[in-house]
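Data first, discussion second: the structure below is written as structure tokens.
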Amino acid sequence: MNKFSIAIDGPAGAGKSTIAKRLAKKLGCTYIDTGAMYRAVGLYCIWQHVDYRDEAKVEEVIFSLKIDLDTEGERQIIYLNGRDISQAIRTDEVAAAASKVATYKEVREVLVKAQRQMQSEKSVVMDGRDIGTVVMPDATLKIFLTASVDERAKRRFEEYCKRGLTVSMVELTKDIMDRDYQDTHREISPLKKAIDAIEVDTTALSIDEIVDKIMILMEKA
Ligand code: CDP
């Protein structure tokens, strides 16, 4: 197969990473989790006591970060300046910081450049918010995944339970709604469906059903 790229965008909890990972495995290509890269910037700020709400302060440090992605079997590993941060980035505090730093122009420029570089080197399935619109406008196939707020909160709840974390559904629902607002209302690269993206509502579909649906679309792309 020639080099190809699949862009998967959508709001928090729509199932992007699960679906993207499965697709990459089926197609034998690389999965790139761009959200993890924004989370890495958020985590760096928290660890270094840099106020992530202060754009100028974050832009001062953005060039001191080295973010690397790697895969080990099914697992995607993310390194920040050589340190494995795959687990550390999966907290609500880091998600909120990521969502904030993702509104800064310079942060987006640096990360988008790195993402485009990866696309130029190999076949990829990349997920995020601006993949079909900004990072890979020339993608072979663009998918926009959606699901109702309740369903997305339920999925997050189950994910947290599996990891032994306690969190309330009310809090999770509020967090999802806040992030939806922030992601769709920011000035630079807001979350929006690319004109040529195919929308897939995952509310009532199983993971296998969604993956099969996208594989069929890929055959036709
Ligand atoms: O997994 P979840 O959908 O909760 O979040 P994520 O994909 O890990 O992304 C974390 C944050 O980074 C999101 O709230 C987005 O605001 C931001 N992001 C972005 O702006 N652009 C991307 N391409 C990917 C993530």
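The values are calculated or read from the model by the stated rules, or taken from the named source; none is laboratory data. None of these values were measured; they are calculated from a predicted model. Methodologically, a virtual Cβ is constructed for each residue, glycine included, from the backbone with ideal geometry; neighbour enumeration extends over all protein chains shown. Just so you know, the surface numbers come from the protein's heavy atoms only, side chains and all, with ligands and any DNA or RNA stripped out. Shrake-Rupley method; radii C 1.70, N 1.55, O 1.52, S 1.80 Å.
Things worth noting here:
- Carbon/sulfur fraction of accessible area - the stretch 5-212, other protein chains in place, 1.4 Å, %: 51 percent
- Close amide H contacts of Asp201 (hydrogens built in the peptide plane, cut-off under 5 Å, sequence separation of 5 or more or a different chain): Thr146.
- The stretch 120-221: GluC sites (Glu not before Pro) falling in loop per DSSP and having at most 10 other Cβ within 10 Å: Glu187
- Heavy-atom accessible area with a 1.4 Å probe sorts Cys45, Cys29, Cys161, largest first, into Cys161, Cys29, Cys45.
- For the pair the stretch 41-82 and the stretch 192-221, the centres of their Cα atoms are 31 angstrom apart.
- Averaged over residues, the count of other Cβ atoms within 10 Å places the peptides 55-67, 86-98, 122-134, 10-22 in the sequence 122-134, 10-22, 86-98, 55-67, highest first.
- Rounded to 5, percent antiparallel among DSSP beta bridges of the chain: 30 percent
- For the chain, there are no membrane-span-like helices by this rule, meaning no whole DSSP H stretch whose C-alpha atoms cover at least 30 Å of axis and whose Kyte-Doolittle mean is 0.5 or above; this says nothing about an actual membrane.
- Only helices enter this figure: runs of n ≥ 4 DSSP H residues, each worth -39500 (n - 2.57), summed and divided by the residues of the chain, yield -15000 deg cm²/dmol at 222 nm to the nearest 500.
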